[in-house]
Amino acid sequence: MKVVPEESLPTGDGMPCSGLGHGLGHVGGVCSSDGQYETPDPVTRREFMRVMSASLLLGGIGLSGCRRPVEKAVPFSRLPEGYLHGVPEYFATSMPFRETAIPLLVKSYEGRPIKIEANVEHPDKPSNGDDEAGRIGTTHHAQAAILSLYDPDRATRFTYKGVAVSREEAMSMLKQTGVKFAGLNGKGLSFLLERSGSPSRARLLRIARERFPEARFFVHEPVDFDVHRKAATLLFGVPVRPVYRLEHARRILSIDCDFLGMEEDAHRMIAGFARGRNPRLPRHTMNRVYMVESLFTLTGANADHRLSIPPSRIVLMTMLLFGELGRQIGWARLGSESAGLESALMGRIAGLPDALRGWATACVEDLVEAGSGAVVLAGHRQPVLVHMLAHTMNVVLGSIDHAVKYIEWPESEESPITELAAELNRGGVDTLVILGGNPVYSAPADLDWARTQRKAGTVIRLGEYEDETFPVCDLHLPRAHFLESWGDGVTGDGTVVPVQPLIAPLFGGLTELEVLARLCGLATTNPYDIVRDTLRGIVTEGDFEARWHKFLRDGYLEDSSSKSAGSVKPDLRRIAEAVRSVNPAPEHSEGRGTYEVVIAPDYRLDDGRHANNGWLQELPDPITKITWDNVIVVGPRTAAQLNLRMPSGAMGDYSVPVVRVDVNGRSIDGPVWVLPGVAENTIGLSLGYGRSAAGRVGNGVGYNAYSVRVSKALFIAGGAAIAKTDRMHSVACTQWQSSSEGRAVVREAAHEEYLAKAKLAKGSIVGGSQAKGALYQNPLDRLAETASYQWGMAIDLSLCVGCGACIVACQSENNVPVVGKAEVLRRREMHWMRVDRYYVESLEAARVVWQPMLCQHCEAAPCESVCPVNATSHNDEGLNVMAYNRCVGTRYCSNNCPFKVRRFNYFDYHRRALSGPGIKGQNSSSIARTDFLRWLTRMGPEARPKSELDMLRLLMNPDVTVRMRGVMEKCTFCVQRIEQAKTAGKTRAVSAGGATVPDGAFQTACQQACPAGAIVFGNIKTPRSRVSEAMADPRAYRVLEHLNLRQRVAYLARITNPNPRMLDKSSAETNTPMLDVIRSDGNHEQPQLR
Amino acid sequence: MACVRVMREVSRCVMAAVAVAFALCVAVVVGCWYYLTPEYSRVGYTPQQSVSYSHKVHAGELGIDCRYCHFGVEQSPYANIPDALLCMNCHNQVLSDDARIVALKEAIESGNSIEWTRVHRNPDYVFFNHAVHVNRGVGCVECHGKVNQMDSVTHARSLSMGSCLACHRNPERSLRPLERVYDPDWQPAGPAEQVVVGQRLIRELGIRKSVYCSTCHR
């Protein structure tokens, strides 16, 4: 049954009379006697008066159609089988992410997807043999993917040379191309592909290679994780790929590998890391992370020991670590070729300073002690040599098939884009077929891709947006989003997963599989059938239909994970060769006044694919907390050299200088940001911004780092210069406050201390001020005795890695709007949940602690007593509830909230177009005036266009009110999920006791999305529930306890695990681990903690 | 003494004006209270529907259970309006040549949905769940009135927040045995029996008074 609110019906014909109070939009119409509404023409003043009085009369007489605003209820003509209006359905699917996929369960209401969750039935979950069942969560990218589905800027039409053509014409053009090249054996045909693990695509590519033997296949993935597979295959001589199982790792050494953030399968890595980090699991020792990096990444922020060195040093440092390992266990253990390797290595690392050696020695000692529980990872930015060294260390330490597995994985047969450029320049490409990707935006700048691509005779492209690549294409086909496509993929361990659509393609888009099938001239072009055919090849026994249905229902194919290659033998000669020949270029910049540049994918926008996603644009970067921008990151020393003054963030003071970075013969301007913890003489650039054709959200946001990226130095470059320009740029940072000002909001301790205290203490071991008793009895206490549930939440700060998936999940579940850069500058971001980041800081080395902050649901809430209209009250289950319709917008509640978790709708953010780049000439009073006019006339000039609003309406969760201007909102502990669970229990109950909701029957959105499982929610009245046990943990405390608010949200203190041998005696007394500062002049610096 | 002198000096016109203004305000308030609240504006609302379906004939005379058409009510927050094809279960044979049925058939063939005018409508910020009510002893006729006697569906009760709270605060006054929820003609023998029946159900099912904001407002 589709409820059609009146205002979305077109004005004019067929609309029943509306009666009084309807709004100016219907001025001049007349109610005729059969209830139909007609617009007369022309409307003169006399006519207007005449019809208005007639309408009033008719309204007064009380014709049923004129009595109150009429709303239509439109049921189906034929009901789809099994459909029940109002009951959500869940479908298993997966989100393709380069070569792997994230398994998902998507909630669908009324035939459209509205919320993405992790598919917890997928077998690849961390478990450590304990009874506790494993779980996985999602990343922020997966949570935000649903907004991209409803993006009105997506490609909606088939075009040829920029002019729209019909779908039939486009399909016939594809067919003709296929026929033509079948005749030519594929000569002159080139494919430019993205990375994909889809078995169906692999099968179709095999068919394509057979049909077009002389065609060439290229791959372009601007941030390519394929180096992991490439290095492992090169090293071991068999086609394998590393898969990490961090839950089995006790010591992790990461060499520029941001495995918690921007690497592959982050959701799985975080889950494994958290499992190994959990101080609560019995019989378990905590893991320890060593990080070697140049920029400050999410993983570095969570590491116990972080070595911050310039990128040119990282290769040498890896060699040093390897050399140290050889020395400690004996080179002979490495095998017969080890002598050659030893001499090659020792030669290269001769000149390194002693401070680095000391770090390496202590670190390797720890790894060796852990034996098979130690694992070494290398990041995608590092050259193949670093990967090979890391993998060899894994073999030597014995962690194969424990913390890391090398699984069979097919070789990549595609050539890099540089070869395609060469082919194009030679004139050898008659037809170029581009499937996905945005090469004009993201190809290396030295290839001059826009011009180069045009050298192909014909360009056929399947693209999700009519973006930067669109003008250089001939036939442009709209691509279907994964939520509306049939397809398949593999997860990191090789298990086959389906991509199952939740809605028919909204804009008639095609999938990659269909395009390939049509080009190959196959009879089967329907992607559903293609996927079934692929599965028929994989599932050889049993009833196919039964297995197909199970595949779709479960979201994975049973027993399809790739086999481990077992014990693999590294080819030491290859490493020795690489060691001898590697040029640790860029040149080390010390003393030369030049800088090194690291180009990293942005944490939120990835390589730029999410630029038009408002949720991700507004998600603050975990460490800089900047929204709607990318910045050029430098360390404090560099900042001092450049004489940079950072703003304080006080109102009006949020502009940073714009700097110019010259690298690779090109230059880029961008706002600078000083980040403690960035290595000396290192500059960080973020990819993904600076787009010119992303759509209404992403255009013109940030600077384009691709413009200085060349194919020889994709991630790391040297010889750069940086200089201030005289321009300033305002930066929308959501958290300027980096210190907690002496209020102990985040508590942490080192592992040794925790173990010692926890054994002896009963109750909380967290020091600090405790709440004293209250003078007056809280009347809610009596209610709490009779209610069936008392809800509470515990957040384990040891497990939280700061990824921000909870923030986007909450936004998705609760219809939280995006406000745009100008409003974020005014501190009006609407996130109900935020992750606060505090620095424990010294001059260069810095440590970061996270704290997810949401409404604490205080039992003695300071917000409830000050509401003049009682819009916010407490319910009998302990929740602080909001009745939005009562709120008049006094904002006194937010004023009183010590945690500032209440968010006010200063404007009608859902209808209002995003301010910021694109809306010029608006100051706050003119914005307020247009907003009022828009409210009066329903559609003003600065409102979002109707097409966009219609799409966003599809996305809204119908269980949660969509708030308008003037209303305060905040976290509700997902009260809609609580009530749904209670209702479900009551509906089915046949006895008084049967209605109780068992622990774990439902989860809040943030809890469900969290890949680390840091958030636990449930009934604190039940002593055995997970949340009660968490709150009884000796680490539990509440924030600002001295205010005696009696919050329902408890935090479990963060336990770090520094290496006692790497701690200085003095800092051990302050209970903070040593911050390792190795200056580039080789001196070891004692950090000054503020 | 001083105030008496002031009072004499105040013009009678002004006092009269104030009195009139006051009376006007009271009139406006009373008028709004009476005419603009759900008790007046909703009760009795009987819109014309595009299909002249009579509940009196189907649910009353023929005795068809509510759930035959409104089959979602036991599991869903919504008591769905059925699809047109459901009518055809009988009407492909019963009165199949009647002009109204022919029109219905044409709608089904063409795939057009029938647009019903919605009678019962809560604001968007109210989340009402049918399933939990019908499964816990609230009969259809409690809120919708004697639908089996309506030719055109009329909005029988005000369904204002006050009317919901009246029941939520004292559920024993409105509950009925579970097997009688869909029986439009069930009456308790008297108010005392109603309370007895209600309290028994409260005990058996553990019904609590849900009077907090979050029960309906999310």
| message | Please verify whether B:GLU61 is acidic (Asp, Glu) and at pLDDT below 90, treating the condition exactly as stated. | response | no
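Taking the stated definitions as given, is B:CYS13 open to solvent by 80 Å² or more (accessible area, probe 1.4 Å) and more than 14 Å from every other protein chain (Cβ to nearest Cβ)? Even if it seems obvious, please write down each step before you answer.
Working: open to solvent by 80 Å² or more (accessible area, probe 1.4 Å): yes; more than 14 Å from every other protein chain (Cβ to nearest Cβ): yes.
It is true that B:CYS13 is open to solvent by 80 Å² or more (accessible area, probe 1.4 Å) and more than 14 Å from every other protein chain (Cβ to nearest Cβ).
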| From the residues in region A:627-659 that are surrounded by fewer than 23 Cβ atoms within 10 Å (Cβ to Cβ) and of a type in the set (Val, Ile, Thr), which one is modelled with the highest pLDDT? | A:VAL658
| Within region B:125-133, is even one residue hydroxyl-bearing (Ser, Thr, Tyr), facing another protein chain (nearest Cβ under 7 Å) and open to solvent by 50 Å² or more (accessible area, probe 1.4 Å)? | yes
| said: Taking the conditions exactly as written (within 18 Å of the chain's Cα centre (by Cα) and buried (at least 21 other Cβ atoms within 10 Å of the Cβ)), does A:VAL824 satisfy them or not? | reply: no
| field | Residue satisfying condition, being open to solvent by 10 Å² or more (accessible area, probe 1.4 Å) and either among the aliphatic types (A, V, I, L, M) or more than 27 Å from A:LYS125 (Cβ to Cβ) (or both), within set A:VAL531, A:VAL490, A:VAL497 | value | A:VAL490
| Is it fair to say A:GLU369 is at pLDDT below 95, open to solvent by 30 Å² or more (accessible area, probe 1.4 Å) and either among the small types (Gly, Ala, Ser) or in contact with a Leu (Cβ under 7 Å, 6 or more places away or on another chain) (or both)? | no
| task | Assess whether B:VAL138 counts as being modelled with pLDDT of 90 or more, out of contact with any strand residue (DSSP E or B) (no Cβ under 9 Å at 6 or more places or on another chain) and farther than 20 Å from B:THR37 by Cα. | result | no
| Could we say that A:ASP999 is out of contact with any Asp or Glu (no Cβ under 8 Å at 6 or more places or on another chain), open to solvent by 10 Å² or more (accessible area, probe 1.4 Å), of a type in the set (D, E, K, R) and closer than 30 Å to B:GLY137 by Cβ here? | yes
| message | If I ask for residues that are closer than 26 Å to A:ARG245 by Cβ, open to solvent by less than 10 Å² (accessible area, probe 1.4 Å) and not aliphatic (A, V, I, L, M), which ones from region A:1008-1034 would you list? | response | A:PRO1011
| remark: Filtering region A:880-904 down to residues that are within 14 Å of chain B (Cβ to nearest Cβ) and polar (S, T, N, Q) yields A:ASN880, A:ASN885
| said: among the charged types (D, E, K, R), at the interface with chain A (Cβ under 7 Å from one of its Cβ atoms) and open to solvent by less than 50 Å² (accessible area, probe 1.4 Å): is that true of B:ARG121 in this structure? | reply: no
| remark: Here the qualifying pairs (Cβ atoms under 8 Å; residues six or more apart or on different chains; first in region A:322-351 and of a type in the set (Asp, Glu); second open to solvent by 60 Å² or more (accessible area, probe 1.4 Å)) come out as A:GLU324/A:ARG357; A:GLU337/A:ARG573
| message | With the structure loaded, tell me whether A:GLY129 is out of contact with any Pro (no Cβ under 8 Å at 6 or more places or on another chain) and at pLDDT below 95 or whether it fails that test. | response | yes
| Does region A:429-442 include one or more residues that are modelled with pLDDT under 95, out of contact with any Cys (no Cβ under 8 Å at 6 or more places or on another chain), open to solvent by 20 Å² or more (accessible area, probe 1.4 Å) and within 30 Å of A:LYS563 (Cβ to Cβ)? | no
| message | Conditions first: (1) closer than 30 Å to A:LEU642 by Cα; (2) in contact (Cβ under 8 Å) with a residue 60 or more places away in the chain; (3) part of a loop (DSSP other than H, G, I, E, B). A:ARG609 passes all but one, so which condition is the exception? | response | (1)
| Residues located in region B:55-83, provided they are of a type in the set (Phe, Trp, Tyr), part of a helix (DSSP H, G or I) and crowded, with 17+ Cβ neighbours inside 10 Å | B:PHE71
| task | Taking the options A:GLY86, A:GLY137, name whichever one is away from every other protein chain (no Cβ under 14 Å) and either at pLDDT below 85 or part of a loop (DSSP other than H, G, I, E, B) (or both). | result | A:GLY137
| request: Would you mind telling me which numbered condition in (1) under 19 Å from the mean Cα position of the chain (by Cα); (2) within 14 Å of chain A (Cβ to nearest Cβ); (3) more than 21 Å from B:LEU36 (Cα to Cα) B:VAL147 fails? | output: (2)
| Does region B:54-85 hold any residues that are among the hydrophobic types (A, V, I, L, M, F, W, C) and touching a Gly at 6+ places or on another chain (Cβ under 7 Å), and which are they? | B:ALA79
| query | With respect to A:MET286, is the statement that it is surrounded by fewer than 22 Cβ atoms within 10 Å (Cβ to Cβ), in contact with a strand residue (DSSP E or B) (Cβ under 8 Å, 6 or more places away or on another chain) and farther than 30 Å from A:GLY183 by Cα true? | reply | yes
| message | Checking the conditions here, which among B:LEU201, B:LEU165, B:LEU159 is touching a Cys at 6+ places or on another chain (Cβ under 8 Å) and more than 10 Å from every other protein chain (Cβ to nearest Cβ)? | response | B:LEU159
| message | Every residue in region A:345-361 that is crowded, with 19+ Cβ neighbours inside 10 Å, touching a Lys or Arg at 6+ places or on another chain (Cβ under 9 Å) and in a helix (DSSP H, G or I), please. | response | A:LEU356
| query | Given the residues A:LEU341, A:LEU334, which is the only one that is under 26 Å from A:ARG288 (Cα atoms), over 39 Å from the mean Cα position of the chain (by Cα) and open to solvent by less than 30 Å² (accessible area, probe 1.4 Å)? | reply | A:LEU334
| said: With the condition being under 19 Å from B:GLY44 (Cβ atoms), I'd like the helices (runs of 4 or more DSSP H) fully within region B:103-210 carrying at least 1 qualifying residues. | reply: B:140-144, B:161-169
| Name the residues in region B:82-118 that are at the interface with chain A (Cβ under 7 Å from one of its Cβ atoms) and either farther than 21 Å from A:GLU81 by Cβ or touching a Leu at 6+ places or on another chain (Cβ under 7 Å) (or both), would you? | B:ASP83, B:ALA84, B:LEU85, B:ILE108, B:GLU115, B:TRP116, B:THR117, B:ARG118
| Candidate set: region A:799-822, residues that are of a type in the set (S, T, N, Q) and touching a Ser or Thr at 6+ places or on another chain (Cβ under 8 Å); chosen: the one nearest to B:ARG218 (Cα to Cα) | A:ASN814
| One residue from A:GLU247, A:GLU263, A:GLU168 being among the acidic types (Asp, Glu), part of a helix (DSSP H, G or I) and buried (at least 20 other Cβ atoms within 10 Å of the Cβ) | A:GLU247
| request: Please enumerate the residues belonging to region A:89-124 that are within 14 Å of another protein chain (Cβ to nearest Cβ) and at negative phi. | output: A:GLU89, A:TYR109
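The values are calculated or read from the model by the stated rules, or taken from the named source; none is laboratory data. For clarity, every value in this text was computed on a predicted model and none was experimentally measured. No Cβ is skipped: glycine too gets one built from the backbone with ideal geometry, and neighbour counts run over all protein chains shown. Protein only, heavy atoms only, side chains kept; ligands, DNA and RNA dropped before computing areas. Shrake-Rupley method; radii C 1.70, N 1.55, O 1.52, S 1.80 Å.
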